[in-house]
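Presented below is the structure to which this report refers.
The values are calculated or read from the model by the stated rules, or taken from the named source; none is laboratory data. The shown structure was predicted, so the numbers you read here are calculated from the model rather than taken from an experiment. Ideal geometry is used to build each Cβ from the backbone, glycine not excepted, and the neighbour counts take in all protein chains shown. With ligands, DNA and RNA removed, areas are computed over all heavy atoms of the protein, side chains included. Shrake-Rupley method; radii C 1.70, N 1.55, O 1.52, S 1.80 Å.
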Amino acid sequence: MKTLLRGLLLRLTNPALLVKAARSSSGEIKRILVIRPDHLGDLLFATPALARLREAFPAAHITGLVGPWGRAIWQDNPNPDTLRVVAFPGIAGDKGRNPLAPYNLLRNTARELSREKYDLGVTLRFDHWWGAALLAAAGVPRRWGYDTPGMGDWLTNMVPYRPGKHEVEQNLALVEALIEGEHGAHIAPLEIDRNRGIPALTPPRAIAPDLGALAGWADAPRRAIIHPGTMSSNKLWTVQGWGEVAKQLVADGWAVALTGSPDERPLVQAILASANEPSLLTLVGATANISQLAWVLGHANLVLGVDNGPLHIADALGKETLHLYGPSDETIWGPWGDPQKHRALRAPGTHPTSHLETGSPGMEGGPEMRAITVDMVMRVIDRES
């Protein structure tokens, strides 16, 4: 019923959808639109698919359509020719918004995109009905995505979404089917090996921040970063837990710095107060963008955090990492690469719920996260050190 109502509203608010856009099976593919509405880690996981698409269509103009919250990952990537930014509804927690706003935004965005006359479009998120409908409303004749509820009315070609497979592999499977179906250039067979990190993720470009803010950390022999924040509050660990881990790391001879966005300052300050350790450094506000954060992560020996984009950037940079998992599924969203180097920690007896509280103001996670103890974390760190 929800899907039917959504389809009716889409057609009523977007006249272009009253007539279903037909598939064109002929003609050279000159312009490709790739939609990925999500956050930093999701955009990073999609970089191998972008590279594969570029390899198959070397002469095509590829446009990435991303949200402002994820733009930093693709803005210096060599494979999209251009980036467009849309504040996709439902991604960043927009409760209380005008219920017709997503449909009006789709109409206006489709009108702009239709002028660019894309030959092919693909939405890389498995449940992104809005993006699939946008491709149809913009008159894109070849529209690829996943065979999941709510997508079929708007796509011309659908690929199965395999439960339990990593998101990197899902995106690559979609793009491989697209390449075969659309007769891309002959390219070498694709090798995929999660445990070896093949194909590699492409991290954002690293740019050094003001090194004065890093005094005492950048020159230390053992450097650790804790990035405790994330967009979904129930994926957070506990303030006391991070405070105790930071204190123990300092006692073991590590120089420890905490990173975060300006919005995460209260969380970082609470952890600093809990630790009560004068040598802890906060870099909130010291890194002006993702490129500067990438530089800091690249100079760490160990990076700790929850399921968040910066931890995945650290993986892509080859750092030793420890990710704490609770409601999100590490099978799908876990580290890409050597599991002995990039570790995912889940408390015994807990299971992912896949329910994420995006935009919630809490500073501590749900029961799956609170079940992780300081001893569990320190045992993993001691094995890595």
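Here are some notes:
- Sulfur and carbon atoms: percent of accessible area, the chain [1.4 Å]: 53 percent
- Highest average first, the peptides 221-231, 276-286 ordered by how many other beta carbon atoms sit within 10 Å of their residues are 221-231, 276-286.
- Exposed-loop-free span, longest in the chain, where GluC sites (Glu not before Pro) count as exposed if DSSP calls them loop and at most 12 other C-beta atoms lie within 10 Å: 192-385
- The stretch between Asp147 and Arg71 holds 24.7 nm of extra length on full extension. This uses 0.36 nm per residue minus the Cα-Cα distance.
- Applying the Karplus relation 6.51 cos²θ - 1.76 cosθ + 1.60 with θ = phi - 60° to segment 345-356 yields 3J(HN,Hα) values of 10, 10, 5, x, x, 9, 9, x, 9, 6, 9, 10 Hz, where x marks Gly and Pro.
- Taking the helices alone, the chain has a mean residue ellipticity at 222 nm of -9500 deg cm²/dmol, built from -39,500 (n - 2.57) per DSSP H run of at least 4 residues and averaged over all its residues.
- In a DSSP loop and with at most 15 other Cβ atoms within 10 Å, the trypsin sites (Lys or Arg not before Pro) in segment 47-125 are Lys95, Arg97, Arg115, Lys117.
- A cut-off of 5 Å between modelled amide H atoms, ignoring neighbours fewer than 5 places along the same chain, links Arg143 with Gly121, Thr156, Asn157.
- Rolling a 1.4 Å probe over the heavy atoms of the protein chains gives segment 64-130 an accessible area of 45 Å² per residue.
- Considering only beta bridges that DSSP places wholly inside the chain, some 5 percent are antiparallel.
- Mean-position separation - Cα centroids, segment 152-199 and segment 101-140, in angstrom: 21 Å
- Taking Lys and Arg as +1 and Asp and Glu as -1, the other residues whose beta-carbon sits under 9 Å from that of Arg125 total -2.
- Other residues within the sphere of radius under 15 Å centred on the Cβ of Asp76, judged by their own Cβ, net out at +2 (K and R +1, D and E -1).
- Nearest-0.05 FRET efficiency for Asn301 and Asp375, computed from C-beta distance (R0 25 Å): 0.70
- Ratio of the Cα radius of gyration of segment 289-353 to 2.2 N^0.38 Å, where N counts its residues: 1.10
- Dipole magnitude of the chain about its Cα centre (Cβ charges: Lys, Arg +1; Asp, Glu -1), debye to nearest 20: 1180 debye
- Using a Förster distance of 22 Å, the FRET efficiency for Glu112-His183 (Cβ separation, nearest 0.05): 0.15
- Computed with a 1.4 Å probe over protein heavy atoms only, the accessible area of Thr238 comes to about 30 Å².
- With the convex hull of its Cα atoms as the shape, segment 232-385 has an orientation-averaged projected area of 8.4 nm².
- Sequentially through segment 183-196, phi angles give Karplus couplings (6.51, -1.76, 1.60; θ = phi - 60°) of 6, x, 4, 5, 10, 5, x, 8, 9, 10, 8, 4, 5, 9 Hz, Gly and Pro residues having no value and appearing as x.
- The Rg/Rh ratio for segment 127-205, using Cα coordinates for both the radius of gyration and the Kirkwood hydrodynamic radius, is 1.01.
- Total formal charge among the other residues, if their Cβ is under 13 angstrom from that of Ala347, Lys/Arg +1 and Asp/Glu -1: 0
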